[in-house]
Amino acid sequence: MDLPFIHLGGEKCVTGSCHLFQVQGMNILVDCGIAQGHDLALPLSSWAVKASDLYFVFLTHAHVDHIGRLPSLIDAGFRGEIICSHPTKALLAPMLKDAMRFSEFQDKAAEGIADSIEELSWGFEYNQVFELGKGVTFKLGRAGHILGSCFIRFESRRDNLSVLFSGDLGNSDRPLLPDPDLADPADFLVLESTYGNRCHDHHAARTGQLAAILNRSLSDGGIVYIPAFALGRTQEILYELDRIFSMPEYFKAYPNLNPAKRLPVFVDSPLGLSITEVYSKMSAFWDQEACALVRGGDNPIDFAELFAVQRYDQHAQLLDFKGPAIVIAGSGMCTGGRIVDHLVAGIEDPRNDILFVGYMAEGTPGREIQAKAKEKGRVVLDGVTRSVRAGVHVLSGYSAHADQQGLLDWVAGMEGKPRMIRLVHGDQDARRVLGAKLVERGYAVG
């Protein structure tokens, strides 16, 4: 079967999402992400079309594995339109400016590229149909992954064709975010499969699980390090900590978390702080529970025990802090950033704990720490070898990705079956297992 799209990244791995959709003579790119860990990205010079020949770039959300190659695309000559949701547009500038600090672009070049991206970007509303021209329309649906995330449905009336790109789908009942919308029917579905071979812990109990781990981990006065993506995960953890510190049932059950002790929580991430500010400004896109808290005068991602670590000298001072404390820092997979400094300083102290609340791609230090934790093995962090003596905990209930059941339920919610489902954004086993489950339910998977 001839497919109306070509995968330029993320086809057989988790990161580097990038898909070319060609319809009515228009070249449309869906996502333009960087590859991370062991994942590989196809060079722009090997793409089926030139950057200058792309009409549109659609972005499902603002994680760098979905937007991180936009600067390279601009540098290569792209001058079309960048289309996304309103919150994603607000998040593009801080996310890409941070990403370009670690790229080949120098300050002036990065500034010019950032200006170009701002000029070319347009935010659109959810669940409205918009015309692209030549009888082609698009519609964005809430994906529930991070603020602004969406799935995208294209329809070509002249071709009698519809294609749906899921982007990254989130779980239901997530902090701050509305649940994913139901999707309209489509002929072709490009579906993410990150957790296609497993189910998460029951997410309804995650706040209690977080409180229990923190209470136990802080009993000896150590530091709990939480590697967290600046976008999405940091804000969710802040929301959950605000609930724990403000609801009596938690600090009655877990005395080490009693706010009377003023246990400090440090956000050691300039980008995370900038994104949190954007989240606060975009609270109209939060879920009903979070919006109700705001209307009642309670900002659920801010609390008395929260401290912002903005400057590097503040970060350096925090490295000498003896605890007890909670430190939230990036990067989420421990591939770089300030969390690496913290782990170098504290991973060998058995009083400390590391709490992973997200996916760790193969080849990343985060995945290596998890693998070496049981045997108290050694890991290399920023060129420094350290023994894993700190406690290591994994809370999968905080995953921003729908698990196997969530993906199956979302597909089942579509009216009718697609002619073909193409699984992407997952490792080989995740795609194999999810594909088998879909075939069992009568879907065509290719």
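The values are calculated or read from the model by the stated rules, or taken from the named source; none is laboratory data. This one's a predicted model, so the numbers in the text were calculated from it and none came from an experiment. Neighbour counts run over all protein chains shown; Cβ positions are idealised from the backbone, glycine included. Note: areas computed on protein heavy atoms with side chains; ligands, DNA, RNA excluded. Shrake-Rupley method; radii C 1.70, N 1.55, O 1.52, S 1.80 Å.
By the scheme Lys and Arg +1, Asp and Glu -1, what is the net charge of all other residues having a beta-carbon under 9 Å from that of Ala400? Working shown, then result.
On the way: positive: Arg174, Arg233; negative: Asp168, Glu236.
Local net charge: 0.
Going by the alpha-carbon gyration tensor, a ≥ b ≥ c the square roots of its eigenvalues, is region 286-351 rounded (a/c under 1.5) or, if a/c is not under 1.5, prolate (a/b greater than b/c) versus oblate? Numbers along the way, then the final one.
On the way: a/c = 2.46, a/b = 2.14, b/c = 1.15.
It is prolate, given that a/c is not under 1.5 and a/b is the larger ratio.
Expressed as a whole percent, the accessible area of the chain that falls on carbon and sulfur atoms is 49 (1.4 Å probe).
Spatial offset of region 131-158 relative to region 12-72 amounts to 16 Å, using the alpha carbon center of each.
Convex hull volume of the Cα atoms of region 11-162, normalised per residue: 113 Å³.
Net charge within 12 Å of Gly135 by Cβ-Cβ distance, Lys/Arg positive one each and Asp/Glu negative one each, not counting Gly135 itself? Before the final figure, lay out the partial values.
On the way: positive: Lys134, Arg157, Arg158; negative: Glu131, Glu155, Asp159.
Value of the local net charge: 0.
Applying 1/(1 + (r/R0)^6) with R0 = 45 Å to the Cβ-Cβ distance of Tyr312 and Ile6 gives a FRET efficiency near 0.55.
Please identify, among Arg69, Arg311, Arg378, the residue showing maximal mean-square fluctuation in a Gaussian network model of the chain using a 10 angstrom Cα cutoff. Maximum among the listed residues: Arg311. Using the Cβ of Leu271 as centre and a radius below 14 Å, the other residues enclosed give a net charge of +2, where K and R count +1 and D and E count -1.
Of all lysines in the structure, the ones whose alpha carbon falls short of 21 Å from that of Lys417, not counting any fewer than 8 places away in one chain, are Lys139, Lys437.
Need the full-extension length gain, Leu319 to Ala76, defined as separation in residues times 0.36 nm minus the C-alpha distance. One decimal, nm.
Values: separation 243, 0.36 × 243 = 87.48 nm, distance 4.07 nm.
Net length gain for the segment: 83.4 nm.
When the Gaussian network model of the chain links Cα atoms closer than 10 Å, the mean-square fluctuations of Ser280, Ser116, Ser103 top out at Ser103.
Please compute the Kirkwood hydrodynamic radius of the chain from all pairs of different C-alpha atoms, in Å with one decimal.
The Cα-based Kirkwood calculation yields 22.5 Å.
So if we plug the beta-carbon distance of Asp201 and Arg389 into 1/(1 + (r/R0)^6) with R0 = 25 Å, what FRET efficiency do we get, rounded to 0.05? Plugging the Cβ-Cβ distance into 1/(1 + (r/R0)^6) gives 0.45. Straight-line cross-link partners of Lys281 among the lysines, defined as a Cα under 20 Å from its Cα and at least 8 positions apart when in the same chain: Lys89, Lys97. With protein chains left intact and a 1.4 Å probe, residues in region 224-291 average 37 Å² of accessible area per residue. Compute the angle between helix 233-246 and the longest alpha-carbon principal axis of the chain, please, reported from 0 to 90 degrees and rounded to the nearest 10. Approximately 40 degrees, to the nearest ten.
Between Glu277 and Met414, the contour length at 0.36 nm per residue exceeds the Cα-Cα span by 45.8 nm.
Axis angle, to the nearest 10 degrees, between helix 86-100 and the longest C-alpha principal axis of the chain: 70 degrees. Assuming a ≥ b ≥ c are the square roots of the Cα gyration tensor eigenvalues, decide whether region 28-81 counts as rounded (a/c under 1.5), prolate (otherwise, with a/b larger than b/c) or oblate. Here region 28-81 falls in the oblate category.
Normalised by residue count, region 1-97 yields a Cα convex hull volume of 105 Å³ per residue. Can you give me the angle between helix 206-217 and the longest principal axis of the chain, using Cα atoms only, in degrees from 0 to 90, rounded to the nearest 10? Orientation of helix 206-217: about 30 degrees from the principal axis. Averaged per residue, region 114-174 has 38 square angstrom of accessible surface, using a 1.4 angstrom probe with ligands and nucleic acids left out. Extents of region 315-446, taken as max minus min of Cα coordinates on every principal axis and listed largest first, are 59, 24, 22 Å. Summary value for the chain: 17 percent relative contact order, contacts being C-alpha pairs under 8 angstrom separated by 6+ residues.
Averaging the Cα positions of each part gives two centres, and for region 327-392 and region 204-249 these lie 18 Å apart.
Please pull out the direction-averaged projected area of region 89-237, using the convex hull of its alpha-carbon atoms, in nm² to one decimal place.
12.9 nm²
So for region 262-373, Kirkwood radius off the Cα pairs, Stokes-Einstein at 4 °C and 1.567 mPa s: how many µm² s⁻¹? Mind dumping the intermediate values first?
Values: Rh = 15.7 Å.
Result for D is 82 µm²/s.
Shape of region 321-380 from its Cα gyration tensor (a ≥ b ≥ c, root eigenvalues): rounded if a/c is under 1.5, otherwise prolate when a/b > b/c, or oblate?
Details: a/c = 1.74, a/b = 1.22, b/c = 1.43.
Oblate, because a/c is 1.5 or more while a/b does not exceed b/c.
In terms of solvent-accessible area of protein heavy atoms at a 1.4 angstrom probe, what is the ranking of Val23, Val384, highest value first? Spell out each step's value before the answer.
On the way: Val23 5, Val384 50 Å².
Sorted by accessible area, descending: Val384, Val23.
Maximal additional length on extending the Asp173-Ala253 stretch stands at 26.5 nm, based on 0.36 nm per residue less the C-alpha distance. Site pair Ala212 and Arg432 shows an inter-label distance of 3.3 nm when each label is modelled 7 Å from Cα along Cα→Cβ.
For Glu125 and Arg378, a Förster radius of 60 Å and the Cβ-Cβ distance give a FRET efficiency of 0.70, rounded to the nearest 0.05.
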